[in-house]
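Notes to accompany the following structure.
The values are calculated or read from the model by the stated rules, or taken from the named source; none is laboratory data. Quick caveat, the model's predicted, so the values are computed rather than measured. Cβ atoms come from the backbone with ideal geometry, glycine included; neighbour counts cover every protein chain shown. Surface accessibility is based on the protein's heavy atoms, side chains included, excluding ligands, DNA and RNA. Shrake-Rupley method; radii C 1.70, N 1.55, O 1.52, S 1.80 Å.
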Amino acid sequence: MTAFPDIEKIRYEGPDSSNPLAFRRYDPDRLIGDRSMRDHLRFASCYWHTMRNELADPFGVGTARTPWDDRSNSIENAVDRVDVFFEFLNKIDIDFFCFHDRDIAPEGGSVEESERLLEQVVDRIELRMKETNKQLLWGTACLFIHPRYASGAATSPRIEAFCHAAAQVKAAMEATHRLGGSGYVFWGGREGYGSLINTDMKREREQLARLLHAAVDHKHRIGFEGQFYIEPKPKEPTTHQYDSDAAACLDFLREFDLLDHFKLNIETNHAWLAGHSMEHELEAAIAADALGSIDANMGEHTNGWDTDHFPTDPLLCARIMRCVLKMGGFTTGGLNFDAKRRRESFEPVDLFHSHIAGMDAMAHGLEIAHRIAEDGTLDDFVRTRYESWDGDLGRRIMTGDTTLSDLRDEASRMGEVPLESGRQEMLEHHFNRFI
Ligand code: XLS
Ligand code: NI
Ligand code: NI
């Protein structure tokens, strides 16, 4: 059985190819510096958008054509879907994937039944992974769709919701462990509030920290060695989510003594919703040695929702890949396309077009970022700009060996500050040379 009978494995054909079902930039085995493109980019496709998104919007029903899917909630349908997903991964030549528990398996009528159903699907995934060498980038629990989480999961005013959330995290983490996942994500879709008028923020944040501590504890119990990530997002569906941006997440992790156990999974569209650029969020995470993984997508600047477009802008991708190269590349993380086709792009072949567009743009971004790093002008400029800190006085200040009085004396000795131009436009113009 094949779900995509007319589509061959997608291959690199070079920049002059006019075949829309080919890569023009992504040449998996080509070396960029000391790694292949494949190893730099570590692409992942996500189960929720690729297999489960029916392409509905608030004003219209789903349009996606999925002839392989009988649209039932049966376990048979769920298991068959796995085969389609792996056929897709093979044909698109993507090595990794990500899932929520409820994307892959239906929810049962009890905790026990849900666990059993999840295991049945994981059996099939494990089999297909062995056959195809595909790998799990990360797993997660869906703590936002079910009505029981309407007022929060870990942060719910009802203790029962907290316990159900814990049960799901336990099962999803065990499934991720069994499948050899390199990471596990916490995205707090409902961990925030609609209004402060009915919310005890202090309690809610403490509850969230408790769930995360219990998860760290369970991780050690079962010997799961994957990386834990928090995925920041400021709002949607809530008015405010506690993990609103990288800085808020880092602050939360420090406050509750969790920073050793978590890194961040940064998503472009979420950065924009928070009023930041993606580079801002990546730099904030890198500075804390906490950039783990990336949800590769982009938004639509004119409407301000989490529209999860595929990242097809090579300039944006170049900026992202500059940050990734700067931190020395991914270790456990990768580029997960948390992205969906437009409602108008409803044919199965559009799954290929959208991933190809995203993969080629990211590969293009990688090339640009690598050439900028090789050239070195931008990095040199920034280094030189801070040179005055590199001497003896700078060292003494930064190790805390100077008092305000010492500094006053230094200021008096130094005289006025020799101001230097920041050359922003010159540097932007230089950046453009590499596009
Ligand atoms: C939603 C989030 C979600 C997470 C995984 O906006 O991006 O898809 O990545 O729960
Ligand atoms: Ni995401
Ligand atoms: Ni998102």
Of the residues in region 180-218, those that are closer than 25 Å to LEU137 by Cβ and touching a Gly at 6+ places or on another chain (Cβ under 8 Å) come to GLY181, SER182, GLY183, TYR184, VAL185, ARG190, GLU191, LEU208
List the pairs whose first member sits in region 291-304 and is without any contact (Cβ under 8 Å) to a residue 12 or more places away in the chain, whose second member is open to solvent by 10 Å² or more (accessible area, probe 1.4 Å) and within 13 Å of ligand 3 (Cβ to nearest atom), and whose Cβ atoms are under 7 Å apart, counting only residues at least 6 apart or on separate chains?
GLU300/THR307; GLU300/HIS309
Quick one: which of HIS355, HIS364, HIS370, HIS430 is in contact (Cβ under 8 Å) with a residue 12 or more places away in the chain and either open to solvent by 70 Å² or more (accessible area, probe 1.4 Å) or farther than 30 Å from PHE97 by Cβ (or both)?
HIS430
Quick check, is THR199 among the β-branched types (Val, Ile, Thr), in contact with a Lys or Arg (Cβ under 8 Å, 6 or more places away or on another chain) and at pLDDT 95 or above?
no
State the number of residues belonging to region 184-203 that are among the small types (Gly, Ala, Ser) and either under 17 Å from TRP48 (Cα atoms) or touching a Pro at 6+ places or on another chain (Cβ under 7 Å) (or both).
2
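Residue-by-condition table, conditions (1) closer than 27 Å to GLU8 by Cα; (2) within 13 Å of ligand 2 (Cβ to nearest atom); (3) open to solvent by 10 Å² or more (accessible area, probe 1.4 Å):
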| residue | (1), (2), (3) |
| --- | --- |
| ALA285 | no, no, no |
| ALA290 | no, no, no |
| PRO314 | yes, no, yes |
| LYS326 | no, no, yes |
| GLY333 | no, yes, no |
| PHE337 | yes, yes, no |
| ARG343 | yes, no, yes |
| PHE346 | yes, no, yes |
| ASP350 | yes, no, yes |
Of the residues in region 143-168, those that are open to solvent by 10 Å² or more (accessible area, probe 1.4 Å) and of a type in the set (A, V, I, L, M, F, W, C) come to LEU143, PHE144, ILE145, ALA150, ILE159, PHE162, CYS163, ALA166, ALA167
Evaluate region 259-281: report whether one residue or more is within 14 Å of VAL185 (Cα to Cα), of a type in the set (Gly, Ala, Ser), crowded, with 21+ Cβ neighbours inside 10 Å and within 16 Å of ligand 2 (Cβ to nearest atom).
no
Checking the structure you have, find out if any residue of region 286-296 is within 16 Å of ligand 1 (Cβ to nearest atom) and over 14 Å from the mean Cα position of the chain (by Cα).
no
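Okay, residues lined up against (1) open to solvent by 60 Å² or more (accessible area, probe 1.4 Å); (2) over 24 Å from the mean Cα position of the chain (by Cα):
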{"site": "ARG178", "(1), (2)": "yes, no"}
{"site": "GLY181", "(1), (2)": "no, no"}
{"site": "TYR193", "(1), (2)": "no, no"}
{"site": "LEU196", "(1), (2)": "yes, yes"}
Residue pairs, Cβ under 7 Å, 6 or more apart or interchain, first in region 192-219 and closer than 17 Å to ALA150 by Cβ, second aliphatic (A, V, I, L, M). List them.
GLN207/ALA154; LEU208/ALA154
Considering only region 124-152, state which residues are farther than 25 Å from PHE86 by Cα and more than 16 Å from ligand 2 (Cβ to nearest atom).
HIS146, PRO147, ARG148, TYR149, ALA150, SER151, GLY152
What do you reckon, is GLU206 open to solvent by 10 Å² or more (accessible area, probe 1.4 Å), of a type outside the set (S, T, N, Q) and within 16 Å of ligand 1 (Cβ to nearest atom)?
no
Scan region 249-271 and give yes if some residue there is touching a helix residue (DSSP H, G or I) at 6+ places or on another chain (Cβ under 7 Å), modelled with pLDDT of 95 or more and charged (D, E, K, R), otherwise no.
no
Select from region 38-66 the residues that are touching a helix residue (DSSP H, G or I) at 6+ places or on another chain (Cβ under 9 Å) and at pLDDT below 95 and list them in ascending order.
none
